[in-house]
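Readers should treat all values here as calculations from the given coordinates under stated rules, not as data from a laboratory. Because the structure is a prediction, the values reported are computed rather than measured. Neighbour counts run over all protein chains shown; Cβ positions are idealised from the backbone, glycine included.
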Amino acid sequence: MKSFTFLFLSAICLIGCSEEKATNSKPKTSLAIAQEETVEQEVILHPGLISLQNNDCFSCHDLKVDRVGPSFQNIVSKYPFNPENKTYLVEKIKKGGSGVWGSIPMNSHETLAENEVEEMLAFIYED
């Protein structure tokens with residue numbers, strides 16, 4: 001009797017498994033295939049953001065919150081985008097200094113190319 005019960009339960013399990021496979025073996029629609037596929041999307045970072053990250057900018061600045069230095073949002077508010085402010089900020093970033101936002105000096109960034117600093121400013125003004 002025990003062996004009959006074992007065979008009976010084994011047969012039920014096999015039938016159940018084969019039915020599951022049968023329902024899963026239906027041809028998939030293109031929509032189902034598209035939903036299952038994982039599409040890698042390339043994230044393209046702004047070149048100015050990359051420059052800000054590769055330098056020490058985020059050590060003192062944040063996008064929206066004042067830290068050691070002013071937030072980029074506050075810099076944009078104080079210096080609306082125009083050619084004069086752009087020239088001033090490029091020089092300020094390259095030369096560093098203190099006194100505008102407090103007594104803590106900003107490091108100089110003399111090794112940065114002018115176009116790299118302009119990309120940083122472009123990102124700050126776009127954000």
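One table, with the values for the structure above:
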item	result
Filtered residue count, the range 55-89, keeping only those that are closer than 18 Å to Ile104 by Cα, surrounded by 11 or more Cβ atoms within 10 Å (Cβ to Cβ) and among the hydroxyl-bearing types (Ser, Thr, Tyr)	1
Any hit, the range 103-113, residues being part of a helix (DSSP H, G or I), more than 21 Å from Pro47 (Cα to Cα) and without any contact (Cβ under 8 Å) to a residue 40 or more places away in the chain	no
